[in-house]
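Novice: This is the structure, below, for whatever I ask next.
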Amino acid sequence: TLQNLTASIYIDGVLNTSVVTDGTVTPAFGTRLDISGLSDATHTLRIESASSAGSPFRLQYLVRNKAHSVMNSGIIGTNTAEWLPGGTLLVSAALPTNVTHILIQLGTNDRGMATGSSYMAGAQGTFVNLNAIVNSLRSSYPGVRIILIAPPYAPTDSAYGSSDEIARAVRRAARVLECGFIDQYSATLEVEMQGESWLSDGLHPNDYGYR
């Protein structure tokens, strides 16, 4: 049923390969063509059928294998105030221009964050600062998807708040800003209540905690 057909496949406007069923080649449903060697970028695929009337080209499916690059731009020991726009950490050069998703886990160190000249203390500061951080990222990277992560449970409260208060502030920010949300606080609190030893020093996870 697929005789006398030539289908040309173009990648980014350049002929990549062709499917020819001109009577000398036995056509078969399920024939698969693999296109590989493409760079990590956005590409345009065009399939051009040169079939005559009554000789349709039947495309069963397309399978796309996509590679994702993940980079860690986090800095240990920092709080949300240190990531505010205009500072030295949240800079445009920190992320590639084609970034699609940004995951932010901040707040653990806000428990000890006192009020400064331009920011608030504790969980209130977490909420206010995350709003500024997310809005800045959305301005610099239009269309990016941002996921806020509530930090893990911390057994010891600090001077300006608890991990419970921080987690609720992050959840509230995610709701107000319409971000994705991952609740590591509840997951690690459950492990703690089960009596599991998942912390190495009372704050940072051990190998089991990371898993």
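The values are calculated or read from the model by the stated rules, or taken from the named source; none is laboratory data. From a predicted model like this one, the values you see are computed outputs, not experimental measurements. Neighbour counts run over all protein chains shown; Cβ positions are idealised from the backbone, glycine included. Surface areas here come from the heavy atoms of the whole protein model, side chains and all, with no ligands, DNA or RNA. Shrake-Rupley method; radii C 1.70, N 1.55, O 1.52, S 1.80 Å.
Novice: Just from its helices, what would the mean residue ellipticity at 222 nm be for the chain, if runs of 4 or more DSSP H residues each count -39500 (n - 2.57) and the sum is divided by every residue, rounded to the nearest 500 deg cm²/dmol?
Specialist: Estimated from H runs of four or more residues: -7000 deg cm²/dmol.
Novice: How far apart, in nm, are two points set 7 Å out from the Cα along the Cα-to-Cβ line at S117 and at S139?
Specialist: Modelled inter-label distance: 2.1 nm.
Novice: Answer with a single label: of (1) 1.03; (2) 1.22; (3) 0.98, which was calculated as Rg/Rh (Cα atoms, Kirkwood Rh) from the structure in view?
Specialist: (2)
Novice: Continuing with this model, one more query. Filter the GluC sites (Glu not before Pro) in segment 105-211 to those in DSSP coil with at most 11 other Cβ atoms within 10 Å of their Cβ, and list the result.
Specialist: Listed in order of number, the matching sites are E178.
Novice: Give me the accessible area per residue for the chain, probe 1.4 Å, as a whole number in Å².
Specialist: 64
Novice: Running a GNM on the chain with Cα contacts under 10 Å, which residue among R175, R58, R138 ends up with the highest mean-square fluctuation?
Specialist: Of R175, R58, R138, the most mobile in the Gaussian network model is R58.
Novice: How much solvent-accessible surface does D34 expose, in Å² to the nearest 10, with a 1.4 Å probe and all protein chains in place?
Specialist: 120
Novice: With r defined as the distance between the Cβ atoms of H101 and Y61 and R0 fixed at 25 Å, what FRET efficiency is calculated, to the nearest 0.05?
Specialist: On the way: r = 26 Å, r/R0 = 1.05.
The value I calculate is 0.40.
Novice: Go ahead and set up a Gaussian network model of the chain, Cα springs under 10 Å, then flag whichever of S118, S92, S140 fluctuates most.
Specialist: Of the options given, S118 has the highest mean-square fluctuation.
Novice: Most mobile of T188, T17, T126 per a Gaussian network model of the chain (Cα springs, under 10 Å)?
Specialist: T17
Novice: Enumerate the residues in segment 95-118 having an amide nitrogen under 18 Å from the point lying 7 Å beyond the Cα of F181 toward its Cβ.
Specialist: 102-108
Novice: Cα atoms only: what Rg and Dmax, in Å, come out for segment 78-134?
Specialist: Rg and Dmax of segment 78-134, Cα atoms, are 11.8, 36 Å.
Novice: Nearest-5 percent of antiparallel DSSP beta bridges in the chain?
Specialist: Given both bridge residues lie in the chain, the antiparallel proportion sits at roughly 65 percent.
Novice: Using 7 Å Cα-to-Cβ label points, what is the S197/H68 separation (nm, one decimal)?
Specialist: Each label point is offset 7 Å from its Cα along the Cβ direction, giving 3.4 nm.
Novice: Under 12 Å from a label point 7 Å along Cα→Cβ of N16: give me every residue in segment 58-90 with its amide N that close.
Specialist: 62-66, by backbone N distance to the label point.
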